[in-house]
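Student: Dropping a structure here in structure tokens format, bear with me for questions.
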Amino acid sequence: MTEFMRKHKGRRAFLSVCTIPALILFSVFMLYPTLNIFIISMYKWGGYSQHREFVGLDNFVKLFSDAKFWQSFQNTVLLIVIVTIVTMAMALLTAAVLTREKLRFKGFFRVVFYIPNILSAVVIAAIFSAVYDPSRGLLNTLLSFFTGGSAGQVLWLGDQKVVIYSIAIAMIWQAVGYYMVMYTASMSSVPESMYEAASLEGAGRVRQFFSITIPLIWTNIRTTLTFFIISSINISFLLVRAMTSGGPDGSTEVFLSYMYKQAYTNSSYGYGMAIGVLVFLFSFALSGIINLVTRRDSVDL
Amino acid sequence: MNRGDKLYRIFIYVVLILFALSIIVPVGWVFLASLKENAEFYQNPWSLPAGLYFENFARAWQEAHMGEYFLNSVIVTAVALGILLVVALPAAYVLARYKFGGRRLLRTLFMGGLFINVSYIVVPIFLMLVDAGNLVGTPIFLNNRFVLALVYASTALPFTIYLLSGYFQTLPKEYEEAAYVDGSGYMQTMIRVMIPMARPSVITVILFNFLSFWNEYIIAITLMTQDWAKTLPVGLMNLMKAQNAAAQYGQMYAGLVIVMLPTLILYILVQKKLTQGMNVGGLKD
Amino acid sequence: MKRFVALFCALILTLPLLASCGTREDDKDKDSDGKTILKVAVLESAYGKKMWENVAAAYEADHTDVKIELTAEKNLEDVIGSKMKSGDYPDVVHLATGREAGLTETMIRENSLADLSDILDEKVFGEDVSVKDKLIEGFTDTAATHPYDDDSMYMAPMFYGPCGLFYNAGLFAQKNWTVPTTWDEMWELGQKAEAEGMALFTYPTAGYFDSLMFALLCETGGVDFYNDCMRYKEGVWEDKNAREALDIVARIASYTEPTTVANANNDNYLKNQQLILDNKALFMPSGTWVVGEMADAPRSEGFEWGFMALPAIDSDSDRYSYTYFEQIWVPENAKHKDEAKDFIAYLYTDKAVKIFAESGAIQPIQGVSEILEGENKLFYSIYDTGAKPVLGGFAATDPVEGVSMTDTLFGTVNSIVSGDKTVDEWQNAIKKANDSLRKALKK
């Protein structure tokens, strides 16, 4: 009996030693600051003085009639939708091609596609600034080489109808490789025999892709989708901040860049935190929705 | 092979090559641009550098203090990885393989942490460190590489624990049972038997977090307010601003290369492990 | 693996020592000799920081009981902003309003500035004249020094400069063009330039329309009308004078070099300024600092800076040029407010004025134009050749969530240029911002 007790106690101590440090760090540097955002979002506070005024949900009410906030909301959603669809499609297709087809230089392609993912957002922003420059940029000088002349210059970061897509391209460029490698890994675990059987039944590449590959890695796609959306909100901010500062005239303002603008430049710190709260709830809700929409009977191997 | 097949293969190659070029060309261009003299930036961007103007690097390294920032980045990244592993490995192991009261709560907490975006909690973190500094009388928590590393490690916890416990779950029970029969305790079993078995996913975790710590700039820009304490990406942001103002493009691109190169080298060295690890690392479920 | 873990444990144990020995103590009041430490934080702008070091040294030589701790940074807001949040306030801050980060505006809105009114009556160190009498008239009459519409000065005027349109005088000589003096001549020139493949206008960022708009409002409606606009008076933006100003800006927009908008942000604005040096655009609104900013940039042959006030509405109406000046202030929570005021008064001594002027930083001191030379002489003589000065800016308000007059009034210019918004939409948005800011005016 005492032996059991001793062991039991040892187990408790062991579990505590293992989990408590993580719990402390997590609480101090993630949980507490997050709670703080919720609290400050109910104050009117400029950020510097000692003077804070409790205003309840006032900041949220104002948000709903703030056209600039809705613009940043639209931009964020647009980016999430476009970037997610294009990235996922490209990643899945290239992954399928690289696992299914007998190609040369597979390893080379895989290595190269992954490179953008290891670069800092600051570096990516600098690269794309050089690419998008209207008169001395890589893209426009390349285009003028084909069109023969300077005609038809595209203002990648200046045209308000184009600029959001320019940001989207940078985001896709950054993300495709990562997800491609991830899907390649899971696709290679799909047994070859299933494809052989499908071939015998006369199913072509496209059929095989949709009726074998996709269903079998569906759980993987679901998980990555959630991660992807959360990280998109962040990456879009990092790129916008270093490339356009939200401009021209707010046309690339996203959630977090608008939050920073309000919290710092417009001396409305509490208001900025209210935006932070909405972003948090938004990403939570969105991943809930995605979880629901993508629910399928899982196919086990 | 029929004709359609051939066309299809050509098409695939063309697409893959174009995609590869879209990555190689801009990245390679930065390397070339870092060797150009200032006047060359007013000419065709596609032209090759006239000579190898290495002075850009010397000036970025010294005048723009990229050398100091490099050291800061190395220290912060190493310490953060150390803390992260020591804290996350036991937690992930226990959460994956033991049933105990509060386990569900802990798992939910850490899962919820995945939704917290570092970009908006960084300011509350800053204010918290400020308050803590006021309590002890001096602002020792700002411009402190150890604190920055601690924040990095903490914000990486949810993802790391998620990844590691996913891997621990796949290990068979027999190993622990055998170890217990041999008379080793919980702690011993974990350190001697189980953690070594998780090696592939540990390597993945190290690589992933190395990249994210090395490249991070939002937290660093907020917590490191003084010049000497900056990390590389923050220094690069400054360099971009400052050199833009003086139209010193060569130096700016040299700075870009200084930030990129370590990650590129590491990636080339370990790319097999990195991409393998993604599969084993529990991301499958 | 064991070695691996052990290595990391060792790293963790040793590195905190390494890392934390780097933290420096910087919250000291007096140095080891018992001197008062005065913390002076200044923006390192195009003038450089050398002049501040020299002035600080001169002050220390004249005041042996004070040691100056100088912080000069390009991103001063980042550096002192976070320090102030942590309760560590500089004693003197040289940072103007109208910057992107808006730190000074935040200080105003939060009533966190110290009252500096008594500096004006203080005698300038070693001279038999008060600060007030040494300053050029008009510089302490506006919201830029008296933000709360009362008699108290919270910010002291420092470096000033006329704003207007910059161009390549060499190009005008080559082409035998006359510099336009009315807006009609301006539009005519636009046609001529277009025929030569040049655009009439460019601008660094949309924010630079502040000085242009302020002067333009004076031209269309007079100085009183301009002041009404600055105080958010009801209905000012529906006025026909306001509309005329907006229409002129829209016309400027239609003549703007097409790549301008793409580079009109803080990271790329120099590319727009380069358009003037490359003869791709004729005019841009800016201030005198642009010359220093572009000093190292390559330029077309025969390039020579030209500078003028805004063209007049008619040949017999007044031309205006906005006078920009930077402010220096003291945080209410500074430790050494009296020493700080004394230091600011010292900045108006002949000795300091001369040190600043050598780096091209000109203070609004009586007779300062006599010590100027070169391009500066041309710039600062703009008011001698007929243009009228415009001073000040928008009155201070409490922060209004989601509303920013500068964003609405100037930021929208980007959309006017690209055709994404009409002047009507613009006018409506300004009117709305005007209404909500009026309610928040500081009393």
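Computed from the coordinates by the stated procedures, all read-outs in this text should not be read as laboratory data. Just so it is clear, the structure is predicted and the values come from calculations on it, not from any experiment. Please note: Cβ atoms are built from the backbone with ideal geometry, for glycine as well, and neighbour counts cover all protein chains shown.
Student: Based on other C-beta atoms within 10 Å, arrange B:Leu85, B:Leu171 from fewest to most.
Tutor: Placing the least packed residue first, the sequence is B:Leu171, B:Leu85.
Student: Could you work out [θ]222 nm for chain A from helices alone, using -39500 (n - 2.57) per DSSP H run of at least four and dividing by all its residues? Round to the nearest 500 deg cm²/dmol. Can you show the working numbers first?
Tutor: Numbers: 13 runs with 201 residues, N = 301.
Helix-only estimate at 222 nm: -22000 deg cm²/dmol.
Student: For B:14-25, what's the mean count of beta carbons from other chains sitting within 10 Å of each residue's beta carbon? Before the final figure, lay out each step's value.
Tutor: Working: counts 0, 4, 11, 3, 0, 9, 7, 1, 7, 10, 2, 3.
Rounded to a whole number, the mean comes out at 5.
Student: Hey, if you drop one equal point scatterer on each alpha-carbon of chain A and run the Debye formula without solvent, what base-10 log of I(q)/I(0) do you get at q = 0.11, 0.14 Å⁻¹?
Tutor: With one equal scatterer per Cα and no solvent, log10 I(q)/I(0) is -0.88, -1.15.
Student: Ok, one more. Number of Lys pairs in chain A with C-alpha atoms less than 22 angstrom apart, excluding same-chain neighbours closer than eight positions?
Tutor: Eligible lysine pairs with Cα atoms under 22 Å apart amount to 6.
Student: Against the longest principal axis of chain B, how steep is helix B:3-33, in degrees 0 to 90 to the nearest 10, with axes from Cα atoms?
Tutor: That works out to roughly 70 degrees.
Student: At a Förster radius of 41 Å, what calculated FRET efficiency corresponds to the Cβ-Cβ distance of C:Ala114 and A:Leu78, to the nearest 0.05? Don't skip to the answer; put the middle values down first.
Tutor: Numbers: r = 47 Å, r/R0 = 1.14.
In this case the efficiency is close to 0.30.
Student: What does the structure give for A:273-281 when I average, per residue, the other chain Cβ atoms found within 10 Å of the residue Cβ?
Tutor: On the way: counts 3, 1, 3, 6, 1, 0, 4, 5, 1.
Averaged over the peptide's residues, the number is 3.
Student: Any chance you could give the angle, 0 to 90 degrees and rounded to 10, that helix C:209-230 forms with the longest Cα principal axis of chain C?
Tutor: Roughly 80 degrees, rounded to the nearest 10.
Student: Among A:Leu138, A:Leu238, A:Thr265, whose Cα sits farthest toward the positive end of the charge dipole of the range A:63-293 (+1 at Cβ of Lys/Arg, -1 at Cβ of Asp/Glu, about the Cα centre)?
Tutor: A:Leu138
Student: Can you tell me the dipole magnitude for the range B:64-280 around its Cα centre, using point charges on the Cβ only (Lys, Arg +1; Asp, Glu -1), in Debye to the nearest 20?
Tutor: 420
Student: Now, a different point. P(r) for chain C, please, calculated from all Cα pair distances in 20 Å bins and given in %.
Tutor: Reading upward from the zero bin: 23, 52, 20, 4, 0.
Student: Among C:Ala345, C:Ala262, C:Ala357, whose mean-square fluctuation peaks in a Gaussian network model of chain C (Cα, cutoff 10 Å)?
Tutor: Most flexible of the set in this elastic network: C:Ala262.
Student: Something else now. For chain B, with equal point scatterers placed on the C-alpha atoms only and solvent neglected, what are the log10 I(q)/I(0) values from the Debye formula at q = 0.07, 0.09, 0.11, 0.12 1/Å, to two decimals?
Tutor: So the normalised log intensities work out to -0.38, -0.61, -0.84, -0.94.
Student: Restricting to DSSP H runs of at least four residues, report the calculated mean residue ellipticity at 222 nm for chain C, -39500 (n - 2.57) per run over all residues, nearest 500 deg cm²/dmol.
Tutor: That comes out to -11500 deg cm²/dmol.
Student: Peptide A:259-266: average number of partner chain Cβ atoms within 10 Å per residue?
Tutor: Partner-chain Cβ atoms within 10 Å, mean over residues of A:259-266: 6.
Student: In straight Cα distance, which lysines are under 24 Å from C:Lys388, not counting same-chain residues fewer than 8 positions off?
Tutor: C:Lys132, C:Lys134, C:Lys233, C:Lys240, C:Lys377
Student: A further question on this structure: What 222 nm value per residue comes from the helices of chain B, counting each DSSP H run with n ≥ 4 as -39,500 (n - 2.57) and dividing by all residues, nearest 500 deg cm²/dmol?
Tutor: Result for chain B: -24500 deg cm²/dmol, rounded to the nearest 500.
Student: Also: Quick one: net charge around B:Ala220, please, counting Lys, Arg +1 and Asp, Glu -1 for every other residue with C-beta under 11 Å from its C-beta. All intermediate terms of the calculation are to be shown ahead of the outcome.
Tutor: Values: positive: B:Arg145, B:Lys230; negative: B:Glu216.
Spelling it out: positives minus negatives among the neighbours equals +1.
Student: Nearest 20 debye, what's the magnitude of the dipole of the range A:57-202 about its Cα centre given +1 on Lys and Arg Cβ and -1 on Asp and Glu Cβ?
Tutor: Values: 9 positive and 8 negative charges, 63 e Å.
Here the size comes out at about 300 debye.
Student: Using only the alpha carbons of the protein assembly as shown, determine the length spanned along each of the three principal axes and report them from longest to shortest in whole angstroms.
Tutor: The Cα atoms of the protein assembly as shown stretch 97, 77, 57 Å along their principal axes.
Student: Determine the dipole magnitude for the protein assembly as shown: charges of +1 sit on the beta-carbon of Lys and Arg, -1 on that of Asp and Glu, nothing else is charged, the reference point is the Cα centre, and the result goes in debye to the nearest 20.
Tutor: So the magnitude is around 6740 debye.
Student: Which of C:Ala281, C:Ala250, C:Asn227 sits farthest toward the positive end of the charge dipole of the range C:223-291, with +1 on the Cβ of Lys and Arg and -1 on the Cβ of Asp and Glu?
Tutor: Positive-most Cα among the choices belongs to C:Ala281.
Student: Let me ask you something else. Considering only C-alpha atoms, what is the centroid distance from the range C:139-161 to the range C:295-320, in Å?
Tutor: 28
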